[in-house]
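A quick write-up on the structure given underneath.
The values are calculated or read from the model by the stated rules, or taken from the named source; none is laboratory data. Values in this document were obtained by computation on a predicted structure and should not be read as measured data. Cβ placement follows ideal geometry from the backbone for every residue including glycine, while neighbour counts extend to all protein chains displayed. With ligands, DNA and RNA removed, areas are computed over all heavy atoms of the protein, side chains included. Shrake-Rupley method; radii C 1.70, N 1.55, O 1.52, S 1.80 Å.
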Amino acid sequence: SINGVTDFTNQINEDLKGAEDKEEKAELREYLDETVGNIDLEGDRLRSESPLHRVVDIDVPYLLIHAEDDNRIEFRNAKAMNKALKRAKKKDFTFEKLECGGHSLHWCGATEDVLRMTETFFHTHIGGPDVAPPAKEDDDD
């Protein structure tokens, strides 16, 4: 999971809180009802499908990466998932925190960091050639 939603009901509530006025909230609610689900009518389903509430079902290595400055999916999603994985005694997971990168991971070299983290994770759990060392900065400029 990279900057991912871990609790659908919580994310819907956060999104709706961010609406600037009643009209925007109504439009957003309609969009979320169609794309994710209606929190009032389908709350139980949304909760049961949320990764945070299905931690016990995870039986494969799990990589969790999240940028602290993500303004779309709050970092606390990742912190809650990390805590749930620990509580469920899932030993085969990796939590990587990025100080910056935003939701799109276009800042502070975050894209390269995520690629390196993912490559290392796959190498550890699947195998393959050794992970390449980080590229050296060219000091000639």
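Residue under question is residue 127, and the condition is that it be assigned to a loop (DSSP other than H, G, I, E, B) and crowded, with 16+ Cβ neighbours inside 10 Å; does it hold? So residue 127 does not fit the description; no. Kindly establish whether residue 46 is touching a Leu at 6+ places or on another chain (Cβ under 9 Å), over 25 Å from residue 106 (Cα atoms) and not aromatic (Phe, Trp, Tyr). Taking the combined requirement at face value, the residue does not satisfy it. None of 99, 14 is in contact (Cβ under 8 Å) with a residue 24 or more places away in the chain, open to solvent by 100 Å² or more (accessible area, probe 1.4 Å) and not aromatic (Phe, Trp, Tyr) except 99. What are the residues in region 40-79 that are acidic (Asp, Glu), in a helix (DSSP H, G or I) and closer than 23 Å to residue 18 by Cβ, if any? Within region 40-79, 40, 42, 49 meet the criteria. Taking the criterion of being aliphatic (A, V, I, L, M), surrounded by fewer than 14 Cβ atoms within 10 Å (Cβ to Cβ) and closer than 22 Å to residue 1 by Cβ, the only residue of region 40-56 that qualifies is 56. Does at least one position in region 105-116 carry a residue that is under 27 Å from residue 13 (Cα atoms), open to solvent by less than 50 Å² (accessible area, probe 1.4 Å), at pLDDT 90 or above and out of contact with any Leu (no Cβ under 6 Å at 6 or more places or on another chain)? The answer is yes, given that some residue of region 105-116 is under 27 Å from residue 13 (Cα atoms), open to solvent by less than 50 Å² (accessible area, probe 1.4 Å), at pLDDT 90 or above and out of contact with any Leu (no Cβ under 6 Å at 6 or more places or on another chain).
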